[in-house]
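Take a look at the structure set out below.
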Amino acid sequence: MTVPILVLASTSPYRKSVLSRLHIPFKTFAPQVDESPHSNESPTALVTRLAELKARSAKESYPQALIIGSDQVAVIDNTILGKPGSHEQAVKQLTQASGKQVDFLTGLCLFNTDTNQAQTDIVRFSVKFRQLSLTQIENYLHQDKPYNCSGSFKSEGLGIALLEQMIGSDPSAIIGLPLIRLVQMLEADGVSVI
């Protein structure tokens, strides 16, 4: 069997790094997708929709491929925390997260352009933040600068020091690409990772 081209429809350096752990050659594609939530759209519906849109957006560029789309949101108190984009917004998000549980919902899609079939799923991974002082938050942000990360922290960096507990079955999910579920999807499409 010919192994199809594998494409990661993401510009995220974090997702690219996570996918490289599987030792499968892949290409990357920059999806042009409006990530704005629809009116009254739930976090799970949002990440599922965006993951599939991102995967399908690469179809014309890669007509014979398996395309991976992924999207993640952080949710606290039923509110979506996006990427902070600025220091001030990151301080606000981490202050809100202090002492609380934050749920990271990752929508995952594997789109087979040959069959026009998409496998989709949502993987949840939660973290419990320690009680954080403003000084700790400022010190962290000045060192890790996680302004392009949902929830304003990088668990693979110094952000681990902000946490009291991690809850979930796939630690790669918190970085935005749940590998355990992705391997299952790839195998369902005939690609054996090992």
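None of the figures in this text is laboratory data; all of them are computed from the coordinates on show. What you are looking at is a predicted structure, and each value in this text was computed from that prediction instead of being measured. Virtual Cβ from ideal backbone geometry, glycine too; neighbours counted across all protein chains shown.
What to note about this one:
- The number of Lys pairs in the chain with C-alpha atoms less than 25 Å apart, excluding pairs fewer than 8 positions apart on the same chain, is 27.
- A Förster distance of 25 Å, applied to the separation of the beta-carbon atoms of Ser61 and Asn116, puts the FRET efficiency at 0.95.
- In terms of the mean number of neighbouring beta-carbon atoms within 10 Å, the peptides 69-77, 99-107 order highest first as 69-77, 99-107.
- If the convex hull is drawn through the Cα atoms of the chain, its volume per residue in Å³: 113 Å³
- In sequence order, segment 154-161 has phi-based couplings of 10, 5, 7, x, 5, x, 4, 6 Hz under the Karplus curve 6.51 cos²θ - 1.76 cosθ + 1.60, θ = phi - 60°, and Gly or Pro positions carry x.
- For segment 1-51 versus segment 110-179, the spacing of their alpha-carbon centroids is 15 Å.
- Shown for Ile160, Ile68, Ile137: other C-beta atoms within 10 Å of each C-beta, ranked fewest to most, produce the order Ile160, Ile137, Ile68.
- Degrees, to the nearest 10: 43-56 long Cα axis against longest axis of the chain: 40 degrees
- Neighbour-count order for Met185, Met166, fewest beta carbons within 10 angstrom listed first: Met166, Met185
- Taking other C-beta atoms within 10 Å as the exposure proxy, Arg21, Arg49 rank Arg21, Arg49 from fewest upward.
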